[in-house]
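Trainee: One structure follows; several queries about it will come next.
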Amino acid sequence: MSEATSGAKVTDRDTGMPLVHAVNVMKSFHDNQVLKGIDLDVHKGQVICLLGPSGSGKTTFLRCINQLETIDGGRIWVDGDLMGYEDRAGTLHRLNNKEIAAQRRGIGMVFQRFNLFPHKTTLENIMEAPMQVKGEKKAQARERAIALLERVGLADKPAAYPSQLSGGQQQRVAIARAMAMQPKLMLFDEPTSALDPELVGEVLAVMRELASDGTTMIVVTHEMSFAREVADHVVFMDGGVVVEQGDPRSVINNPQHARTRSFLSRVQAEPHAVEDVPATPEEAIIAVDGPRPAGERSVPVKHRPEEDV
Ligand SMILES: Nc1ncnc2c1ncn2[C@@H]1O[C@H](COP(=O)(O)OP(=O)(O)OP(=O)(O)O)[C@@H](O)[C@H]1O
Ligand SMILES: [Mg+2]
């Protein structure tokens, strides 16, 4: 990351108030205790990568942050809001669905699978939530959607339907859709693991750009290049606890715990791992396919008049 882009990051470290403050978070499914007391602080503008083997509780923890799961113990604050609960004299009372939905609005989530509306165009997918959930005017939602499409390198695809896009392009639309709500926090759950290897770089490039623009992000990933180059901090989880955390280079290059070492040696041996995160989606595409004349890559798309959107 260049001086200029890292300098653009806003951090709140001086005030000491983390954007995400999770304390001793516990979660069980029946008698299976999946989270055994997770503590995590994420400051505004930081990128945290969450690493760990399958079943270690990474997804569950992300789902607890945005209250897709209830928690059994501990507390999670996002931007000062106690997520999912009201604290009345030390006892937690569950908020109602409307209150939880309002809290969740400030958090964008991108999953392994893109979950785009198949019958809506790219632009419509991105405009949907701001209009339906926030009651934004169509013109404003549209203007932001167009800007976001440009940001994710898909300015030429406003009228494409998801089935007309590659997996990497769909995932970039999914990122734009989450960003359209102008979230204060973005959660990514293995956003590249369902993609063909050659499409991983273009999605990581978009995430890298969001990070350098100061987006606060928690990213569950097996892409060690991304963690090493983009994260401010990495957290290694295993068996529902944080085993090790710290500066990405020290944790990834010099892990202290045997469990971290064993996990890292497995993921780093994965054949499709990206070695360097491309700076832009276009760079990722050129790296895979070589330069092509403009337009040649475009999937044939049935264009609709802009007014239809
Ligand atoms: N809704 C659920 N009901 C019951 N058990 C669940 C549920 N969700 C997760 N679990 C269990 O919780 C444990 C942790 O799952 P989780 O999905 O959080 O792991 P993970 O670290 O994200 O794994 P992966 O890398 O495979 O995505 C697993 O044992 C899983 O089976
Ligand atoms: Mg998971």
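Trainee: Please give the per residue volume of the convex hull enclosing the alpha carbon atoms of the chain, rounded to a whole number of Å³. Each step should come with its number before you reach the end.
Mentor: Numbers: hull volume 46.2 nm³, N = 309.
It comes to 150 Å³ per residue, whole-number rounded.
Trainee: Next up: So which lysines pass the test for Lys157, namely a Cα distance under 17 Å, with those fewer than 8 places away in the same chain ruled out?
Mentor: Lys120, Lys302
Trainee: Evaluate the distance, in nm, between pseudo-label points positioned 7 Å from the Cα of Asp81 and of Lys137 along their respective Cα→Cβ axes.
Mentor: Result for the modelled spin labels: 2.5 nm.
Trainee: Find how much the distance from Ser262 to Glu282 grows on full extension, using 0.36 nm per residue of separation minus their present alpha carbon separation; answer in nm with one decimal.
Mentor: Values: separation 20, 0.36 × 20 = 7.20 nm, distance 3.44 nm.
That works out to 3.8 nm of additional length.
Trainee: Continuing with the same structure: Quick check: residue separation of Gln112 and Lys98 times 0.36 nm, minus the Cα distance between them. What number comes out in nm?
Mentor: Numbers: separation 14, 0.36 × 14 = 5.04 nm, distance 2.65 nm.
Going from the current span to full extension adds 2.4 nm.
Trainee: Treating cross-link reach as a plain straight distance, find the lysines whose alpha-carbon is under 25 Å from the alpha-carbon of Lys58, omitting any fewer than eight places away in the same chain.
Mentor: Partners found: Lys27, Lys36, Lys44, Lys184.
Trainee: Now a separate question. Leaving ligands, DNA and RNA out of it, work out the accessible area of Phe111 with a 1.4 Å probe and give it in Å² to the nearest 10.
Mentor: For Phe111, solvent-accessible area is about 80 Å².
Trainee: Same structure, new question: How many nm separate the modelled label positions at Ala155 and Gln33, each set 7 Å beyond the Cα in the direction of the Cβ?
Mentor: A separation of 5.4 nm, rounded to one decimal place.
Trainee: Hey, what's the chain come to in accessible area per residue, 1.4 Å probe, Å²? Please report the intermediate quantities before stating the final value.
Mentor: Details: 14440 Å² over 309 residues.
On a per-residue basis, the chain sits at 47 Å².
Trainee: What figure, in Å² to the nearest 10, do you get for the accessible area of Arg266 with a 1.4 Å probe and non-protein molecules left out?
Mentor: 130
Trainee: Same structure, new question: Which shape class, rounded, prolate or oblate, goes with region 160-231 when its Cα gyration tensor gives a ≥ b ≥ c as root eigenvalues, a/c under 1.5 marks rounded, and past that a/b bigger than b/c marks prolate?
Mentor: Values: a/c = 2.01, a/b = 1.16, b/c = 1.73.
Because a/c hits 1.5 or more and a/b fails to exceed b/c, region 160-231 counts as oblate.
Trainee: Now, a different point. First check a/c for region 118-222, with a ≥ b ≥ c the square roots of the eigenvalues of its C-alpha gyration tensor; if it is under 1.5, answer rounded, and if not, answer prolate when a/b is larger than b/c or oblate otherwise.
Mentor: Working: a/c = 1.86, a/b = 1.26, b/c = 1.48.
Cα axes put region 118-222 in the oblate bin.
Trainee: Of the heavy-atom accessible surface of the chain (probe 1.4 angstrom), what whole percent is carbon and sulfur?
Mentor: Numbers: 7050 of 14440 Å².
Of all accessible area on the chain, carbon and sulfur atoms account for 49 percent.
Trainee: I've got another one for you. Any idea of Val23's accessible area? Nearest 10 Å², probe 1.4 Å.
Mentor: For Val23, solvent-accessible area is about 50 Å².
Trainee: What does the helix-only formula give at 222 nm for the chain: each DSSP H stretch with n ≥ 4 adding -39500 (n - 2.57), the total divided by the residues, and the result rounded to the nearest 500 deg cm²/dmol? Could the numbers behind the result be given before it?
Mentor: Working: 11 runs with 108 residues, N = 309.
Result for the chain, helices only: -10000 deg cm²/dmol.
The values are calculated or read from the model by the stated rules, or taken from the named source; none is laboratory data. Being a predicted model, the structure only gives us computed values, none of them experimental. Please note: Cβ atoms are built from the backbone with ideal geometry, for glycine as well, and neighbour counts cover all protein chains shown. Areas reflect the complete protein model, heavy atoms only, side chains present, ligands, DNA and RNA absent. Shrake-Rupley method; radii C 1.70, N 1.55, O 1.52, S 1.80 Å.
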